[in-house]
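The values are calculated or read from the model by the stated rules, or taken from the named source; none is laboratory data. Quick caveat: nothing in here was measured; it's all calculated off a predicted structure. Cβ placement follows ideal geometry from the backbone for every residue including glycine, while neighbour counts extend to all protein chains displayed. These area figures cover heavy atoms from the full protein model, side chains too; ligands, DNA and RNA do not enter into them. Shrake-Rupley method; radii C 1.70, N 1.55, O 1.52, S 1.80 Å.
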Amino acid sequence: MSGATRDVIDLSMNEGEPPPRECFDVLERVGPGILRKYADPRPLEEAYAAYLGTNTANVLATTGGDDAIDRVFRAFLGPDQEMVFPTPTFEMIPACARMARGRLVPVEYEWGTLPHDDILAEVNERTGVVAVLTPDNPTGRAFTTRELLRLAGALPQEVVLLVDSAYAEFADEDHTEALLETPRVVMIRTMSKSWGLAGLRVGFAVAAKERIDALRGFGGPYALTGPSIAIARDRLRNGVDEMRGFVEYVRERRERLAAVIRGIGGVPQPSQTNFVFSSFPDARWILRGMAAQGVLVRYFPHLPEYVRITVPRDDGEFRRVERALECLAGGAGGVGAARTVAGSPPGPDALLFDMDGVLADVRRSYRETIVRTCASFGVEAGHDVISAVKAAGRANDDWAVTHGVLAGAGVEASLEEVTARFEEIYQGTDDAPGLRRHETLIPSRELLEGLARSFRLGIVTGRPRADARRFLREQGVRGCFSAVICREDAPLKPDPAPVRAALERLEARTAWMLGDTPDDVRAAVGAGVVPVGVVPPGQTEEAATAVWSALEDAGAARVVNADSDFGGLFDG
């Protein structure tokens with residue numbers, strides 16, 4: 001694949017805005033001597049305590065929030081004790097409990113309200129820790145301080161209430177001061193999210209002094225590096241207003257992001273974090289379609305209807321994410337359906353099609369020509385062999401595919417000789433009509449004409465221009481397509497150049513591309529276009545399954561069968 005590396009926006013990890021370059025000035029001031037010393041975390045704990053408005057004795061600096069979570073379970077969850085927690089939850093909560101050899105007791109609940117009674121029903125003499133997240137990851141919802149205090153007050157004295165508050169700065173309510181009055185509570189905080197310092201791995205446990213003293217014994221004495229401490233202290237001293245400005249930016253933009261999601265048929269959860277967690281009719285379409293456009297979002301296999309999208313960190317990112325989401329409108333219920341929703345975006349600017357196996361049924365033309373050309377050189381190559389070669393990729397040139405099959409069978413023939421034989425069989429001679437006469441249109445003409453009234457349509461094919469134009473003319477659909485990119489126009493797929501050429505000719509920023517080979521999918525992804533895999537007609541069940549798998553592995557956002565309406569992709 002040629003061309004520059006794509007600019008990818010990673011919105012899958014909930015990382016914050018990058019800090020200013022002045023952070024590096026801090027390291028310049030302290031000098032290289034900081035690298036030879038074990039770092040004392042106490043100045044950082046003092047600075048964070050001042051930020052929270054509490055005593056230094058209530059703060060323990062840790063290697064990110066994960067280290068704090070791990071310490072809580074190793075300190076307060078003995079082997080075979082139980083950890084009770086509302087689910088779904090942050091993956092490190094059950095992971096760290098397992099590492100402490102604790103038993104997990106998940107509590108299913110209606111998101112948004114702390115399941116107080118359900119949690120207490122699971123608490124018994126074996127319970128060591130109850131763990132809740134607020135604001136929650138992955139749902140984005142938050143519990144009120146009143147709910148948390150009620151739960152803390154109802155727990156037995158020996159049970160620790162872990163409250164993971166990694167997203168506290170983005171929430172509507174700060175519960176820190178109130179929960180510090182309850183000795184059994186340990187809060188988890190971090191500078192990874194709102195502060196944009198995830199790479200420093202700076203986190204904190206915040207609790208009553210006796211809890212903090214216990215946690216110190218369950219980790220190394222120098223959990224943080226000198227550079228991490230220096231930069232974090234500088235941000236706490238000089239970056240609070242900047243952080244709060246970013247938080248306000250996120251709080252406003254997450255509502256805009258939620259509105260965009262609603263506009264394409266998604267259902268966003270109310271969020272008090274820096275992300276929006278939303279259900280979609282086809283969440284994998286959103287995941288893979290966004291990735292094809294260079295935007296990474298988070299999908300949870302155990303919550304298959306949902307996608308988590310970090311709020312874009314600046315206006316440029318937001319515009320790109322908005323455009324990528326709008327391009328996917330209608331992907332589950334038909335792109336036409338997206339246009340019927342009041343105020344909704346129109347879906348992609350353009351629809352691009354490969355020709356062979358997508359628009360043209362070539363089983364008895366191109367595919368059969370490969371078989372007969374090979375047979376003319378004494379090599380038996382059935383349609384299943386051809387399908388396997390196509391599915392393997394780098395097979396967009398049928399002349400080269402035929403030459404490759406023959407070479408693999410030990411036939412010494414030049415590409416020119418093979419091409420001439422191929423064209424004779426395909427095009428025909430005075431004495432024998434060519435196999436091209438058997439080609440038929442796969443989708444209905446009515447479908448293409450209807451799409452052409454709503455979208456800019458283009459073709460990206462490895463066919464010679466004369467063959468492509470003749471097929472479109474003979475099938476009566478030439479007028480549907482405003483751009484036809486052929487082998488004379490650009491390098492063959494999987495190079496993204498022909499897809500980009502089609503976008504340029506159509507003056508389109510966003511598009512879906514339908515193709516039946518991994519080469520088509522990879523070319524689309526390389527051009528930032530959403531790939532829709534198409535299983536060509538006439539496949540055996542085994543071959544169709546193999547093609548489907550190959551298209552998904554290559555990155556297809558969705559796979560459909562080639563038929564009159566592409567499996568209902570364009571219904572609505």
Open item on the list: For a quick check: with amide H placed at 1.01 Å from N, whose amide H comes under 5 Å from Thr62's, ignoring anything fewer than 5 positions away on the same chain?
Closed with: Gly203, Phe204, Ala205
TODO: List the relative contact order of the range 393-535 as a percent without decimals, with contacts defined as Cα pairs under 8 Å and 6+ residues apart.
DONE: 19 percent
Open item on the list: Using only the alpha-carbon atoms, how far is helix 465-475 inclined from the longest principal axis of the chain? Give it as 0 to 90 degrees, nearest 10.
Closed with: 80 degrees
Open item on the list: Through the Karplus equation 6.51 cos²θ - 1.76 cosθ + 1.60, θ set to phi - 60°, convert the phi angles of the range 259-274 into ³J(HN,Hα) values in whole Hz; use x for Gly and Pro.
Closed with: 5, 4, 4, 4, x, 9, x, x, 10, x, 6, x, 10, 10, 10, 9
Task: Given charges at beta-carbon only (K, R positive; D, E negative), |dipole| of the chain in Debye - done: 820 debye
- [ ] Give me the angle, in degrees from 0 to 90, between the Cα long axis of helix 226-238 and the longest principal axis of the Cα atoms of the chain, rounded to the nearest 10.
- [x] 80 degrees
Task: Under 5 Å, built H, 5+ apart or other chain: amide partners of Glu82 - done: Arg103, Thr127, Gly128, Val129
Task: Inter-centroid distance (Cα atoms) of the range 213-277 relative to the range 132-198, Å - done: 14 Å
- [ ] Run the dipole for the range 423-548 about the Cα centre, Lys and Arg Cβ at +1, Asp and Glu Cβ at -1, nothing else charged, and hand back the magnitude in debye, nearest 20.
- [x] 620 debye
Task: Peptides 491-497, 58-64, 394-400, 213-219 ordered by average Cβ neighbours within 10 Å, highest first - done: 58-64, 491-497, 394-400, 213-219
TODO: Could you pull out every one of the lysines with an alpha carbon less than 28 Å from that of Lys37, ignoring same-chain neighbours closer than 8 positions?
DONE: Lys193, Lys209
Task: Calculated from backbone phi, Karplus (6.51, -1.76, 1.60) coupling profile of the range 110-123 in Hz, x at Gly/Pro - done: 7, 4, x, 10, 4, x, 3, 5, 5, 5, 4, 5, 9, 7
Task: Cut-off under 5 Å, modelled amide H: who pairs with Arg456 long-range - done: Leu351
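Sorting check: for 543-549, 374-380, 499-505, which peptide has the highest mean count of neighbouring beta carbons within 10 Å, and how do the rest follow?
Values: 543-549: 17.1, 374-380: 15.0, 499-505: 21.1.
In descending order of packing, they fall as 499-505, 543-549, 374-380.
May I ask you to order 175-186, 420-431 by the average number of other C-beta atoms within 10 Å around their residues, highest value first? Display every interim value, and only then the final one.
On the way: 175-186: 18.2, 420-431: 14.8.
Top of the packing list down: 175-186, 420-431.
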Task: For the range 284-291, Karplus couplings with θ = phi - 60° (6.51, -1.76, 1.60), whole Hz, Gly/Pro x - done: 5, 4, 5, 4, 6, x, 5, 4
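Taking a probe of 1.4 Å, how large is the accessible area per residue of the range 448-572, in Å²?
37 Å²
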TODO: Can you check what the Kirkwood hydrodynamic radius comes to for the chain, Cα pairs only, in Å to one decimal?
DONE: 27.0 Å
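Could you work out the relative contact order of the chain, using alpha carbon pairs under 8 angstrom and six or more residues apart, expressed as a whole percent? Each step should come with its number before you reach the end.
Working: 1142 pairs, mean separation 80.3, N = 572.
Relative contact order comes out at 14 percent.
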Task: Viscosity 1.567 mPa s, 4 °C: Kirkwood-radius Stokes-Einstein D of the range 348-464 over Cα pairs, µm²/s - done: 84 µm²/s
Open item on the list: I'd like the carbon and sulfur percentage of the solvent accessible area for the chain, probe radius 1.4 Å, heavy atoms only, ligands and nucleic acids excluded.
Closed with: 48 percent
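Over the range 1-136, what is the mean sequence separation of C-alpha contacts under 8 Å (at least six apart), divided by residue count, expressed as relative contact order in percent? Please list the in-between numbers first.
Numbers: 119 pairs, mean separation 27.1, N = 136.
Taking the mean separation of contacting Cα pairs over the length of the range 1-136, I get 20 percent.
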